[in-house]
Amino acid sequence: SSGQRCPVCAEPWVSPRLLPCLHSLCVPCLRRLGTLGETGRAAAARSVLCPVCDSEVTLPPGGIGQLTPDYLALNRSREAAGCDLCADGAAARRCLTCGADLCLFCCQAHRRQKKTASHAVMELENTKDCNQAGQPLFCPSHPTEELRLFCEQCDQPVCRDCVVDRHRQHPYDFISNVIHRHGDALRELLKSTQQHMSTLEDVLGQINDMGGAICSRTEAVATEICLFASGYVKAIEEHRDRLLKQLEDLKVQKENLLHLQKAQLQQLLLDMRTGVEFTEHLLTSGSDLEILITKGVVASRLAKLNSVAYNTHPSVDDGIQFSPRERAGQCCGYEVFGAILNKVVDPARCTLHGEDLHSARQNQLTGFTLLCNDTMGERMGRGGEAVQVTITHKDKRDRAVKPTVCDNGDGTYHVSYSPEEPGLYAVCVCVKGQHVQGSPFTLMVKNKFREHRGVFHCCTFCSSGGQKAARCACGGTMPGGYQGCGHGHKGHPGCPHWSCCGQVKESSECLGGPPSDTSQRSLLRTVAL
């Protein structure tokens with residue numbers, strides 16, 4: 001609140017209350033706001049729209065009566081009182097002898113009169129600090145008791161009767177002892193908000209510069225289009241007009257996005273400026289008690305403003321280009337060339353493809369393909385994008401896999417990798433720093449084909465020189481009626497009988513004849529788990 005009157009009714013303050021947005025309204029105006037919103041959704045949520053900044057603010061559970069009083073507004077109202085003698089001019093000085101506020105004209109007359117010529121007159125501004133410091137504030141619950149204590153548990157000023165009543169056994173201290181700590185906390189919030197304001201002003205400056213760059217770039221592209229279209233007479237002129245219309249629409253689209261971002265940031269900056277101005281005034285002009293009474297709502301507002309997220313760069317760029325060799329179809333029966341290129345990759349529309357996207361084998365090269373699309377979902381058709389891929393073990397962070405990204409130059413990128421450690425991995429695929437569709441996703445790396453040690457026996461058919469009657473120690477029967485194990489055998493109907501299944505002991509021998517050189521050797525056989 002920056003004036004001496006209510007901003008809604010323009011009347012002198014009547015019990016001004018401070019809203020969470022740091023704007024003050026008199027109680028009658030607040031009640032009228034509540035009456036207007038009784039049938040709406042805002043009333044059901046116990047909230048109203050501030051008529052100054054149009055912010056939706058939530059009322060305390062107790063309603064308007066629990067809003068923080070704005071003592072600073074009352075002080076400003078008293079300071080803006082008129083002349084006590086003529087009642088026409090604004091008071092500029094005060095007679096310390098008779099206590100009257102005087103305008104400049106009456107002050108001169110006051111000094112010329114014999115009875116009052118010796119009175120001490122002081123500038124009204126110089127009496128402000130003395131008056132504010134000397135105004136006692138009384139407890140709402142105990143009107144005869146002055147607020148001199150501060151309850152740390154309830155975070156509010158209290159009187160002597162309060163600490164033996166509702167605030168019994170609560171930690172408390174004199175206001176003069178706690179003002180420094182709470183004032184410093186407000187100053188820290190104020191400093192943070194001022195830093196945000198500086199950043200916002202820089203961003204708004206960048207937005208203004210970008211708006212000029214877009215206009216400049218648009219004019220340059222329009223000139224290119226006009227030069228290119230001059231050689232095609234009527235057909236090219238129509239094609240030119242079509243291109244200019246498309247360019248204008250693109251310009252309007254980008255400008256609208258910039259204007260929207262600018263309006264949002266300007267509103268945030270305005271809200272922060274309001275909070276900063278109020279807080280600065282509170283800390284410099286308010287008394288200790290006034291700071292403590294108001295600091296809760298002020299700290300809440302500043303903290304809320306400081307938590308608002310905003311983009312520190314313009315939301316669009318000036319990436320508008322004209323390609324004179326791009327085929328543009330038919331115009332008036334003629335094939336024309338020339339198109340505006342505004343394709344921008346959209347990470348949210350980029351897709352991942354691959355048969356084993358979520359599974360891999362240890363120490364085995366595998367991969368997948370990234371397909372980049374623009375904001376319309378169409379394939380980019382060209383490479384050069386900034387693609388980042390990270391593959392990190394979820395349990396062993398130091399076991400990250402280093403992938404290889406191959407740009408195919410047609411809008412697709414092949415990602416290959418070979419994990420050395422089995423387990424669950426998190427895979428992140430980003431384009432221009434943003435996750436693509438389906439990212440991040442989990443990858444399960446299974447154990448490699450492990451080496452299995454076993455004693456291998458050649459089949460009875462081989463070791464016996466082709467005798468069908470030969471029998472193997474396991475008593476099994478081979479396919480085709482041959483004695484031995486029932487496992488298959490590549491290349492002939494015999495059976496490579498080994499003990500990996502635990503059916504044959506290491507001392508077993510083929511009984512059908514002398515074993516071959518490999519029948520008794522211990523071999524390493526690769527078996528899939």
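The values are calculated or read from the model by the stated rules, or taken from the named source; none is laboratory data. These figures come from a predicted structure and were not determined experimentally. Cβ placement follows ideal geometry from the backbone for every residue including glycine, while neighbour counts extend to all protein chains displayed. Side chains included, ligands, DNA and RNA excluded: accessible areas come from the protein's heavy atoms. Shrake-Rupley method; radii C 1.70, N 1.55, O 1.52, S 1.80 Å.
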Could you grab the pairs with beta carbons closer than 8 Å, sequence gap of 6+ or different chains, first residue in the range 383-406 and farther than 17 Å from Pro419 by Cα, second one small (Gly, Ala, Ser)? Gly383/Gly409; Gly383/Gly411; Ala386/Gly433; Gln388/Gly433; Cys406/Ser416
Those residues of the range 392-407 which are part of a strand (DSSP E or B) and either closer than 13 Å to Phe368 by Cα or among the hydroxyl-bearing types (Ser, Thr, Tyr) (or both), in sequence order: Thr392, Thr404, Val405, Cys406, Asp407
Residues satisfying the stated conditions in the range 414-432, i.e. open to solvent by less than 60 Å² (accessible area, probe 1.4 Å) and within 27 Å of Asp374 (Cα to Cα): Val415, Ser416, Tyr417, Ala426, Val427, Cys428, Val429, Cys430, Val431
Flagged in the range 433-445 as open to solvent by 30 Å² or more (accessible area, probe 1.4 Å) and closer than 17 Å to Cys372 by Cβ, in numbering order, are Gly433, Gln434, His435, Gln437, Gly438
Considering each residue of the range 249-272, count those that are open to solvent by 60 Å² or more (accessible area, probe 1.4 Å) and under 22 Å from the mean Cα position of the chain (by Cα), and give that number. 8
Return a yes/no flag: does the range 242-251 have any residue that is in contact (Cβ under 8 Å) with a residue 40 or more places away in the chain and either closer than 30 Å to Pro51 by Cα or among the polar types (S, T, N, Q) (or both). yes
Can you say whether Leu258 is within 30 Å of Cys226 (Cα to Cα), touching a residue at least 40 places away in the same chain (Cβ under 8 Å) and part of a helix (DSSP H, G or I), as far as the supplied structure shows? yes
Can you confirm whether Ser198 is without any contact (Cβ under 8 Å) to a residue 24 or more places away in the chain, among the polar types (S, T, N, Q) and surrounded by fewer than 18 Cβ atoms within 10 Å (Cβ to Cβ)? yes
